[in-house]
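The values are calculated or read from the model by the stated rules, or taken from the named source; none is laboratory data. Keep in mind the model is a prediction, meaning the values are calculated, not measured. Cβ coordinates were reconstructed from backbone atoms using ideal geometry, including for glycine residues, and neighbour counts include every protein chain displayed.
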């Protein structure tokens, strides 16, 4: 089954097959081999004692029994035309393409077979596989495990009376939604296509954008029970082979029941599972994935998950958006800078406000201090309580608006806006400036392109508030130092999370932090250790960007 | 990456931070007390002395490229004599780390958090520093990399903003009947550059040793420059006589700035926040050096280093809180710095010559 997908994937580009099969590292290949063997067996149940027999009826019953005689397992017996030989097909009707089964397997054998097969054809088996079945992929199998696994993925098993072996024929049907717009990562100027749940469509979306024969899709199977395909994608002559091997090694080393989404897979293969910062990037945008691949990163797709996993990732990479590359570099830099400000505001603004108002009012201009004091006069709670109250409310609102169906979602925003904005102030529970601060914080968190990252800022907000109210600005700075050390120590697949902010390298810094001016875009970011270091030719005079 | 190395720029940052610490707050006061308005000349000469000390030191480090200072001393001078030579360095490093923490906590109490007790600040600073030392050298390098621009930009902003208050005449007369004092104060000027030896604990992690050595020599110039400039500015703003009674002139400097935009009323407490990054960085470097010293002195194997780090969490605050009042802090701080001369021009040359002879003999054999 693995081979079926591999073969299908390799059809996309010339020279591709050698890449996936031939030239990978030896260790890598070895581990892959072991994994393949492991994955050909089904966890829990043992079918070792069941063997294919010469009797067609027995075979069909055995296989059906092995799969608990479920209603959707279809078996059809028929006679090869003009002969006394019976054959049978087994498939699962909802995941196999019944048209293919009938058109390309049953039809040729049942109707047209007499044209070719003699009654006593000694090489009947070979003739069928070579001349009769017109389906795209056929494989001879003997083990029941393999057959069942294939049936479970939508392939069809063809069995012929008198043989202790049969064929697996690919008849998979992919049921899924159409390619739609990316919901979580909308973009103004970028493409409007997002990944779907079918790995086949997703690979197609990437292929269409990157017509490079060096693009490698390495297929692995994951999960004791789910047996889902995981595709590791990278560009062979750009990505650092160490990182690629590391990714593949980690995926193969997993022994889990199964994952349903790329995010889950990411949590399983991440460097430090306890990190509150996302150490992998999830994206539903094919264009962003392609961009990541060209930066020398590795993408991971999983069947049934509408997201690609991009690794390694660093903090500045998280703050990038696709739109950055669609605008003039000055505008793009400003946009990106505003996102950094958003990140900072979202994490620290409430803490700084609390620290300044309750410990160091002298830092602010006198008039402002008076205004704040005036607005806070008669408030029952200290600033920290107000802030936590607002913070909890906002967190609940955000959570509620995700859970509610879109139709009712409107109500939440109205109720939330009115209750928090107006009523809380009028009732004298929360000061108006605190409302402004909370709103700014929330807006700041919305500017962060990565959802997990904005959740991380939410997680550190309240600890910082507590530090601020107990130790003032000194506590906040100590907290920031701690956070900085924590981030500096994080690694994503061997790449430090803080790179390229440290160590300094001007070309990386310029690309990642601010601009995307062409003259600074000649080299690939070096911190991902790409093999092919140069992106494009040196900017020339008169090509529009260079001067 | 597995074979992570400190880049040349990180060596530069470490060099700057190893010298540019809490001293930037007190340099003008200390020096002006000794030589009045000519303090800056002594500092420049002290800077020259720094290079005179640093270049042979670098030579010593290059004799043993994969060892750090305590290891070199133990190798060159042997088990017992080496430990005797190492002892003053150990005491100096740990005292310096403790004293600078205390000095800074005191400054913070004066300018930022007047209600928080000093011991809380000292302990917090030490614990956070312990956290980064507990991680590896490369994390340390990354953290210092981020803090470097913050600290330097703060210094530059302070200097630029102070320019509106200066009266250049206050620096005059230059060298008028003062030459003797200026020369006498070269050694105290050199005290403020204590910590140039901290590089010895990091140079062995450098990716490119040759350019690392260059950036070390270049990095030494940065603190000299900033000390001289802050001293000159302080003299020009306050004049020499008042400086003798201002304990933290650099912080007071920000107090004197009239901020036209009036976004922040008290710039000095705002500035004090940014000083934290500066002082913290130098504390981290000395913390790490001290941990290395103790580990080598007691031959503690690598896997027990974390206990040495933990022991420092206790030891450093005790040292820092030892002086009962701020008066004693300055006294002790000065005394600790005398040791720097002993180390820089006593122990280092002895070890260097010894090492050179030993190497030569080894070559001959």
- Can you confirm whether region B:91-99 contains a residue that is over 13 Å from the mean Cα position of the chain (by Cα) and away from every other protein chain (no Cβ under 14 Å)? yes
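If I ask for residues that are surrounded by 15 or more Cβ atoms within 10 Å (Cβ to Cβ) and at pLDDT 90 or above, which ones from region B:152-197 would you list?
Step one: of region B:152-197, the residues surrounded by 15 or more Cβ atoms within 10 Å (Cβ to Cβ) are B:152, B:154-155, B:157-159, B:161-162, B:166, B:170-171, B:178, B:181-182, B:185-197.
Hit for region B:152-197 is B:152, nothing else.
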- Of the conditions (1) in a loop (DSSP other than H, G, I, E, B); (2) surrounded by fewer than 22 Cβ atoms within 10 Å (Cβ to Cβ), residue A:268 clears all except one; give me its number. (1)
- Query: Looking only at region A:347-368, which residues are closer than 17 Å to residue A:430 by Cα and either surrounded by fewer than 17 Cβ atoms within 10 Å (Cβ to Cβ) or at pLDDT below 85 (or both)?
  - Reply: A:358
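Taking the conditions exactly as written (at pLDDT below 90, part of a loop (DSSP other than H, G, I, E, B), within 14 Å of chain A (Cβ to nearest Cβ) and surrounded by fewer than 22 Cβ atoms within 10 Å (Cβ to Cβ)), does residue B:114 satisfy them or not?
In short, yes.
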- Could you tell me which residue of region A:369-379 is modelled with the lowest pLDDT, considering only residues that are more than 25 Å from residue A:462 (Cβ to Cβ) and within 14 Å of chain B (Cβ to nearest Cβ)? A:369
- Query: If you take the residues in region A:207-244 that are over 18 Å from the mean Cα position of the chain (by Cα) and part of a helix (DSSP H, G or I), which one is nearest to residue A:67 (Cα to Cα)?
  - Reply: A:208
- Test each condition in (1) in a helix (DSSP H, G or I); (2) touching a helix residue (DSSP H, G or I) at 6+ places or on another chain (Cβ under 8 Å); (3) more than 14 Å from chain A (Cβ to nearest Cβ) for residue B:67 and report the one that comes out false. (1)
- Note on the structure: By residue number, the members of region A:323-368 that are away from chain B (no Cβ under 14 Å) and without any contact (Cβ under 8 Å) to a residue 24 or more places away in the chain are A:328, A:331, A:334, A:335
- Could you pull out the residue among A:454, A:477, A:445, A:469 that is without any contact (Cβ under 8 Å) to a residue 12 or more places away in the chain, surrounded by 20 or more Cβ atoms within 10 Å (Cβ to Cβ) and either out of contact with any strand residue (DSSP E or B) (no Cβ under 8 Å at 6 or more places or on another chain) or more than 14 Å from chain B (Cβ to nearest Cβ) (or both)? A:477
- If you check residue B:342 against the conditions, is it more than 14 Å from chain A (Cβ to nearest Cβ) and more than 28 Å from residue B:49 (Cβ to Cβ)? no
- Task: Filter region B:10-40 down to residues that are at pLDDT 90 or above and farther than 20 Å from residue B:96 by Cβ and give me whichever is nearest to the other protein chains (Cβ to nearest Cβ).
- Result: B:10
- Item | Residue that is surrounded by the most Cβ atoms within 10 Å (Cβ to Cβ), among those in region A:170-183 that are touching a helix residue (DSSP H, G or I) at 6+ places or on another chain (Cβ under 6 Å) and touching a residue at least 60 places away in the same chain (Cβ under 8 Å) | A:171
- Before we move on, is residue B:136 facing chain A (nearest Cβ under 9 Å) and out of contact with any helix residue (DSSP H, G or I) (no Cβ under 6 Å at 6 or more places or on another chain)? yes
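Got a sec? Which of B:278, B:217, B:285 is away from chain A (no Cβ under 11 Å), surrounded by fewer than 24 Cβ atoms within 10 Å (Cβ to Cβ) and part of a helix (DSSP H, G or I)?
Values: B:278 fails: surrounded by fewer than 24 Cβ atoms within 10 Å (Cβ to Cβ); B:285 fails: surrounded by fewer than 24 Cβ atoms within 10 Å (Cβ to Cβ).
Going through B:278, B:217, B:285 in turn, the sole match is B:217.
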- Item | Exclusive hit being assigned by TED's automatic domain parsing to the domain that holds residue A:438, assigned to a helix (DSSP H, G or I) and either surrounded by fewer than 18 Cβ atoms within 10 Å (Cβ to Cβ) or in contact with a strand residue (DSSP E or B) (Cβ under 6 Å, 6 or more places away or on another chain) (or both), set A:390, A:385 | A:385
- Message: For region A:494-515, check the following and say yes or no: at least one residue is at pLDDT below 75, surrounded by 17 or more Cβ atoms within 10 Å (Cβ to Cβ) and assigned to a loop (DSSP other than H, G, I, E, B).
- Response: yes
- Task: Hey, could you check region A:75-100 for residues that are in contact with a strand residue (DSSP E or B) (Cβ under 6 Å, 6 or more places away or on another chain) and free of Cβ contacts under 8 Å to residues at least 24 places away in the same chain and say which is farthest from residue A:162 (Cα to Cα)?
- Result: A:93
- Task: Would you check if there is a residue in region A:348-367 being assigned to a loop (DSSP other than H, G, I, E, B), out of contact with any helix residue (DSSP H, G or I) (no Cβ under 8 Å at 6 or more places or on another chain) and farther than 24 Å from residue B:254 by Cβ?
- Result: no
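Here is a yes/no grid of residues against (1) in a helix (DSSP H, G or I); (2) in contact (Cβ under 8 Å) with a residue 60 or more places away in the chain; (3) farther than 26 Å from residue B:294 by Cβ:
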{"site": "B:55", "(1), (2), (3)": "yes, yes, yes"}
{"site": "B:74", "(1), (2), (3)": "yes, yes, no"}
{"site": "B:82", "(1), (2), (3)": "yes, no, no"}
{"site": "B:103", "(1), (2), (3)": "yes, yes, no"}
{"site": "B:121", "(1), (2), (3)": "yes, no, no"}
{"site": "B:124", "(1), (2), (3)": "yes, no, no"}
{"site": "B:128", "(1), (2), (3)": "yes, yes, no"}
{"site": "B:139", "(1), (2), (3)": "yes, no, no"}
